[in-house]
1. Could you tell me which numbered condition Leu115 fails, if it satisfies all but one of (1) outside any strand (DSSP E or B); (2) at pLDDT 90 or above?
2. Restricting the search to region 210-227, which residues are surrounded by 14 or more Cβ atoms within 10 Å (Cβ to Cβ) and either modelled with pLDDT under 90 or among the hydroxyl-bearing types (Ser, Thr, Tyr) (or both)?
3. Can you name every residue in region 63-100 that is hydrophobic (A, V, I, L, M, F, W, C) and touching a Phe, Trp or Tyr at 6+ places or on another chain (Cβ under 6 Å)?
4. Could you count how many residues in region 76-106 are of a type in the set (A, V, I, L, M), part of a strand (DSSP E or B) and under 18 Å from Gln24 (Cβ atoms)?
5. Based on what the data block shows, is Gly197 on the phi > 0 side of the Ramachandran plot, at pLDDT 85 or above, crowded, with 16+ Cβ neighbours inside 10 Å and among the small types (Gly, Ala, Ser)?
6. Before we move on, is Lys74 modelled with pLDDT of 95 or more, in contact with a Ser or Thr (Cβ under 8 Å, 6 or more places away or on another chain) and either surrounded by 11 or more Cβ atoms within 10 Å (Cβ to Cβ) or within 20 Å of Val183 (Cα to Cα) (or both)?
7. Scan region 148-155 and give yes if some residue there is at pLDDT 95 or above and closer than 24 Å to Tyr27 by Cα, otherwise no.
8. Inside region 77-98, can you point out the residues that are surrounded by 18 or more Cβ atoms within 10 Å (Cβ to Cβ) and among the polar types (S, T, N, Q)?
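The values are calculated or read from the model by the stated rules, or taken from the named source; none is laboratory data. Predicted, not measured: the structure shown is a model, and the values here were computed from it. Using ideal geometry, Cβ is built from the backbone for each residue, glycine included, and neighbour counts are taken over all protein chains shown.
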Amino acid sequence: MKTKLITMLVLGLSLLTYSQDTLQDPYVNIKSFTTLEYGLGITYTDSRNADLGNYKLVKGEYSPSFNMGLFYTKTNILKDPTFIMNIKTGLFTNNNYTNVIDSLGKELTFSELNLTLPLMIGIRLPVNYNRPQDRFYKAVNLNIGGYVSLPILPSLYNSDEKYSESNGFLSDYIKFGFIAEFVFTAVNKEGKGHRIGIRTIADLGSAVTFSNEKYGIQPTYGTIGLFYNFITL
């Protein structure tokens with residue numbers, strides 16, 4: 001009986017060890033890659049930092065937003081297979097709009113499109129139970145950094161209108177902010193596969209203002225949403 005118990009224990013430990021035998025992370029051998037990512041989120045206007053000129057903010061409103069971007073990731077910058085750090089940058093666009101009230105009490109909508117250049121540094125945390133026969137290596141990426149954003153196509157129109165043509169291409173300011181990502185990845189040895197994550201974006205209150213102001217409206221936003229990479233190069 002004792003021999004059987006010892007045998008069962010050894011077999012159980014062997015199976016457990018086998019199930020936790022990890023594959024090599026593809027990020028160890030891949031120098032860099034590019035992804036095309038799409039995302040959806042919920043945006044709110046930060047009333048503490050928003051500079052709205054002669055307008056007042058309609059508070060407590062949330063709006064849907066979308067974003068898409070081309071990102072470049074430099075992998076394993078420390079050349080350490082046990083502690084993988086990456087740098088991620090690129091260019092993405094996201095739409096924002098907010099409702100404001102003018103001096104006559106009329107409600108208007110201010111919208112703009114943001115061209116955003118982020119720079120993030122991140123670490124990879126492997127997920128247990130990556131088995132040798134698995135096709136994809138599973139891990140979690142944690143990325144954090146900052147960005148500079150150039151708003152374009154500003155438009156101010158009646159709230160009951162669905163869309164109004166912009167009066168110009170560039171807005172009157174450049175803003176800055178923080179960006180963070182929590183990404184689950186399942187990729188093969190070429191680095192291709194699935195990357196789905198949560199991304200949060202938060203504008204800072206400070207901005208660089210141009211002299212040719214159009215509306216005097218400089219909202220600051222916060223966004224949280226999901227994204228997925230559809231193409232990996």
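1. (1)
2. Here is the first cut: in region 210-227, the residues surrounded by 14 or more Cβ atoms within 10 Å (Cβ to Cβ) are 214-215, 217-225, 227.
Scanning region 210-227 gives Lys214, Tyr215, Ile217, Gln218, Pro219, Thr220, Tyr221, Thr223.
3. Initial filter on region 63-100 (hydrophobic (A, V, I, L, M, F, W, C)): 66, 68, 70-71, 77-78, 83-85, 87, 91-92, 100.
Met68, Ile84, Val100, listed by residue number.
4. Let us first name the residues in region 76-106 that are of a type in the set (A, V, I, L, M), namely 77-78, 84-85, 87, 91, 100-101, 104.
If we keep only those that are part of a strand (DSSP E or B) too, we end up with 85, 87, 91, 100-101.
After this cut, where a residue has to be under 18 Å from Gln24 (Cβ atoms) as well, the list is 85.
Total meeting the criteria: 1.
5. Values: on the phi > 0 side of the Ramachandran plot: no; at pLDDT 85 or above: yes; crowded, with 16+ Cβ neighbours inside 10 Å: yes; among the small types (Gly, Ala, Ser): yes.
Criteria not met by Gly197.
6. Values: modelled with pLDDT of 95 or more: yes; in contact with a Ser or Thr (Cβ under 8 Å, 6 or more places away or on another chain): yes; either surrounded by 11 or more Cβ atoms within 10 Å (Cβ to Cβ) or within 20 Å of Val183 (Cα to Cα) (or both): yes.
Considered against the rule, which asks whether it is modelled with pLDDT of 95 or more, in contact with a Ser or Thr (Cβ under 8 Å, 6 or more places away or on another chain) and either surrounded by 11 or more Cβ atoms within 10 Å (Cβ to Cβ) or within 20 Å of Val183 (Cα to Cα) (or both), Lys74 comes out as yes.
7. Looking for residues that are at pLDDT 95 or above and closer than 24 Å to Tyr27 by Cα, one finds none in region 148-155, hence no.
8. Asn86, Asn94, Asn96, Thr98
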